[in-house]
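**Student:** Structure incoming, see below.
The values are calculated or read from the model by the stated rules, or taken from the named source; none is laboratory data. Model, not experiment: these values are computed from the prediction. Note that we place each Cβ from the backbone using ideal geometry, even for glycine, and neighbour counts take in every protein chain shown.
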Amino acid sequence: MVSTSTLQTVSRENEIVVSMREVTKRFPGVVANDRVTFEARRGEIHALLGENGAGKSTLMNVLTGLYTPEEGEIAINGQPAQFRSPKDSIAAGIGMVHQHFKLVETQTVTENVILGLDAPRFRLDMSRAEADVAKLSEQYGLKIDPKAYIWQLSVGEQQRVEIIKALYRGAQILILDEPTAVLTPQETEELFITLRDMVAKGHTIIFISHKLDEVMSIADRVTVLRGGKVVATVNARDTNKAELAEMMVGRPVLFRLDRPALEPGEMVLRVEELHAENDKGLPALRGISFYVRAREIVGIAGVSGNGQSELAEALNGLRPITRGRIFLNGREITTLSAREIIDAGVAHVPEDRHTDGSVGDMNLTENIILKRYRHPPIARGPVIDWNQAREMSSELVSRFNVQAPGLDTRARLLSGGNLQKLILARELSAEPALIVAMHPTQGLDVGATEYVRQVLLEQRAAGAAVLLISEDLDEVMQLSDRILVIYEGEIMGEASGEKADRAQIGLMMAGQRQEVGY
Ligand SMILES: Nc1ncnc2c1ncn2[C@@H]1O[C@H](COP(=O)(O)OP(=O)(O)O)[C@@H](O)[C@H]1O
Ligand SMILES: [Mg+2]
């Protein structure tokens, strides 16, 4: 008896629940999925790994019926499936938690969960739905108050609502698109516990990610996508980070950064009790104080949306400061304009490279001289010395390894990585005293990421003070000499870069204040 049931379990475990064969999905000018074959089994966590633009989200949007593929076949539980909308795929037991949640802020958790299903006619129906939500929350360890309003919830809690919503609709197959991007390390751990529990209960999880460490820690199998094509599907226990990285990027990747210990120099940036508002006029920075010295990288860690953008903008003169003071090398710069701050020696590696960092319709040379055409040697009296300008841009383009057809290429035609290198070339060649780098590697491939990090370390060694604002905690920990954690516009505490404890930083990211050393 026992052996029979064991056998049955085994065969059910290996059952293929998702089968996509030779699926092709094109967008104008790009083959997002190129004859992709992908299978997921019952009871497995299957990671879909690839760099930005590899085609991961598109493939899952095809699976859920949001997009119709040009070619290929899909079967769910052995049955051919042709979904015309996500409604069809939900009926077939597939749920997807998108990168950007689709919840209604002004409604409660339960109202969101039952949204689009038959409307409750009686108060009783709502309390029954609330009880169901509470039960799912209990069963899967997804802590949530069924009566809370969405706007009251943290991003991590909102994600739980999305998962419960899928489970409520009977999802056997759950797709999560880059789910950890919005989570603290603790929330990520909690999510992983839930996911392991779900597969133990027979669900299938398709886990989209571009992060190698988390894929290695959570996945049973990994399918790697590159440029819209499948590179391979492998068992997580038969592979390693280096091998996955090579499949993802198409060449070997070194995970080494040269970060020698350095004695920090003079205080370059001092921020005292800084206050600023967000675009809605609400307090975004609430009394922030810190300093950055020459030859050190200070990292600002935090979950997205806790005042990071406002801090970068305030420091660069792009956002009014309502209270507090900023000093650069002892000189107050609080009320200077953006241009005066640049002239004072502050470089800015912006969050949005396409709108803030570069002018798409200008060519490489014009972008390079964007901030210095008013000064010699580029300015000769009232005119621009184009020979000087081209010489400078040619030198920088080769020094920063910007891949482009020529100096006359318009910036909009560069890939994300090359555009970021162009911006770094411009910002760093002026030998700034302070570099404010906001998400400097977001969206870049592994190779370009490594290059950008190396450049920041070189700037540190050359004597610059670097303020690194990043939501990628691994990046902050890898590069920073000191780490400050921001939460709702306040600094929750400081950690030393070398001895930083992820768990402690995670607590601060969730709003728990720790003793600050100064
Ligand atoms: N709706 C769309 N319209 C046009 N192009 C798209 C659309 N969605 C994705 N793409 C393109 O398809 C490719 C794959 O994108 P995507 O599936 O989002 O990648 P990933 O999720 O792996 O980052 C990219 O080149 C992207 O620019
Ligand atoms: Mg995506």
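**Student:** Which residues, taken from segment 322-359, are touching a Ser or Thr at 6+ places or on another chain (Cβ under 7 Å) and surrounded by 20 or more Cβ atoms within 10 Å (Cβ to Cβ)? Please lay out each step first, then the result.
**Tutor:** Our first condition is that a residue be touching a Ser or Thr at 6+ places or on another chain (Cβ under 7 Å); within segment 322-359, this holds for 325-326, 351.
Within segment 322-359, 326 is the sole residue that qualifies.
**Student:** Here is a check on your reading of the model: is residue 396 in contact (Cβ under 8 Å) with a residue 24 or more places away in the chain and not assigned by TED's automatic domain parsing to the domain that holds residue 261?
**Tutor:** yes
**Student:** For segment 243-263, enumerate the residues that are under 21 Å from residue 457 (Cβ atoms) and either modelled with pLDDT of 85 or more or surrounded by 11 or more Cβ atoms within 10 Å (Cβ to Cβ) (or both).
**Tutor:** Hits for segment 243-263 are 245, 249, 253, 255, 257, 259, 260, 261, 262, 263.
**Student:** If only one of 268, 303 is within 20 Å of the chain's Cα centre (by Cα), assigned by TED's automatic domain parsing to the domain that holds residue 445 and not in a helix (DSSP H, G or I), which one is it? Outline the logic, then answer.
**Tutor:** On the way: 268 fails: within 20 Å of the chain's Cα centre (by Cα).
The match here is 303.
**Student:** Right, next: Taking the options 94, 90, name whichever one is away from ligand 1 (no atom under 16 Å from the Cβ) and surrounded by 22 or more Cβ atoms within 10 Å (Cβ to Cβ).
**Tutor:** Among 94, 90, only 94 is away from ligand 1 (no atom under 16 Å from the Cβ) and surrounded by 22 or more Cβ atoms within 10 Å (Cβ to Cβ).
**Student:** Among the residues of segment 156-181, what is the count of those that are within 16 Å of ligand 1 (Cβ to nearest atom), in a helix (DSSP H, G or I) and not β-branched (Val, Ile, Thr)? It would help to see each step written out before you state the result.
**Tutor:** Keep residues of segment 156-181 that are within 16 Å of ligand 1 (Cβ to nearest atom), which gives 175-181.
Still in the list and also in a helix (DSSP H, G or I): 179-181.
Those still in the list that are not β-branched (Val, Ile, Thr) too: 179, 181.
The total comes to 2.
**Student:** Would you point out which residue out of 182, 215, 234 is under 17 Å from the mean Cα position of the chain (by Cα), modelled with pLDDT of 95 or more and of a type in the set (A, V, I, L, M)?
**Tutor:** 215
**Student:** Scan segment 13-43 for residues that are more than 16 Å from ligand 2 (Cβ to nearest atom), modelled with pLDDT of 95 or more and polar (S, T, N, Q) and jot them down.
**Tutor:** Once the filter is applied, which keeps residues that are more than 16 Å from ligand 2 (Cβ to nearest atom), modelled with pLDDT of 95 or more and polar (S, T, N, Q), segment 13-43 yields 19, 24, 37.
**Student:** Being within 16 Å of ligand 2 (Cβ to nearest atom) and within 20 Å of residue 198 (Cβ to Cβ) is the filter here; which residues of segment 76-105 pass it?
**Tutor:** 96, 97, 98, 99, 101
**Student:** Quick check on segment 346-392: of everything there that is modelled with pLDDT of 85 or more and closer than 20 Å to residue 315 by Cβ, which residue is farthest from the chain's Cα centre (by Cα)?
**Tutor:** The qualifying residue farthest from the chain's Cα centre (by Cα) is 346.
**Student:** Select from segment 429-446 the residues that are in contact with a helix residue (DSSP H, G or I) (Cβ under 6 Å, 6 or more places away or on another chain) and either part of a helix (DSSP H, G or I) or of a type in the set (S, T, N, Q) (or both) and list them in ascending order.
**Tutor:** Within segment 429-446, 429, 441, 446 meet the criteria.
**Student:** Looking at residue 101 and the list (1) at pLDDT below 90; (2) out of contact with any helix residue (DSSP H, G or I) (no Cβ under 7 Å at 6 or more places or on another chain), which single condition is not satisfied?
**Tutor:** (2)
**Student:** Could you please find all residues in segment 475-499 being part of a helix (DSSP H, G or I) and touching a Lys or Arg at 6+ places or on another chain (Cβ under 8 Å)? Break it down stepwise before answering.
**Tutor:** Step one: filter segment 475-499 for residues part of a helix (DSSP H, G or I), giving 475-479.
If the condition is that a residue be part of a helix (DSSP H, G or I) and touching a Lys or Arg at 6+ places or on another chain (Cβ under 8 Å), then 475, 477, 478, 479 are the ones that fit.
**Student:** Of all the residues that make up segment 185-212, how many are of a type in the set (S, T, N, Q) and either at pLDDT below 95 or in the same structural domain as residue 509 (by TED's automatic domain parsing) (or both)?
**Tutor:** Qualifying residue count for the region: 3.
**Student:** Continuing with this model, one more query. Residue 372 is checked against (1) surrounded by fewer than 17 Cβ atoms within 10 Å (Cβ to Cβ); (2) in a loop (DSSP other than H, G, I, E, B) and fails just one. What number does that condition carry?
**Tutor:** Every listed condition holds for residue 372 apart from (1).
**Student:** On the given criteria, is residue 260 in a loop (DSSP other than H, G, I, E, B), within 30 Å of residue 50 (Cβ to Cβ) and more than 22 Å from the chain's Cα centre (by Cα)?
**Tutor:** Considered against the rule, which asks whether it is in a loop (DSSP other than H, G, I, E, B), within 30 Å of residue 50 (Cβ to Cβ) and more than 22 Å from the chain's Cα centre (by Cα), residue 260 comes out as no.
**Student:** Please go through segment 289-309 and pick out each residue that is over 20 Å from residue 478 (Cα atoms) and buried (at least 24 other Cβ atoms within 10 Å of the Cβ).
**Tutor:** Of everything in segment 289-309, just one residue is over 20 Å from residue 478 (Cα atoms) and buried (at least 24 other Cβ atoms within 10 Å of the Cβ), namely 307.
**Student:** Out of segment 44-69, which residues are of a type in the set (D, E, K, R) and more than 13 Å from ligand 2 (Cβ to nearest atom)?
**Tutor:** Once the filter is applied, which keeps residues that are of a type in the set (D, E, K, R) and more than 13 Å from ligand 2 (Cβ to nearest atom), segment 44-69 yields only 44.
**Student:** A further question on this structure: Return yes when residue 319 is closer than 26 Å to residue 472 by Cβ, in contact with an Asp or Glu (Cβ under 8 Å, 6 or more places away or on another chain) and surrounded by fewer than 21 Cβ atoms within 10 Å (Cβ to Cβ) and no when it is not.
**Tutor:** Yes: the conditions hold for residue 319.
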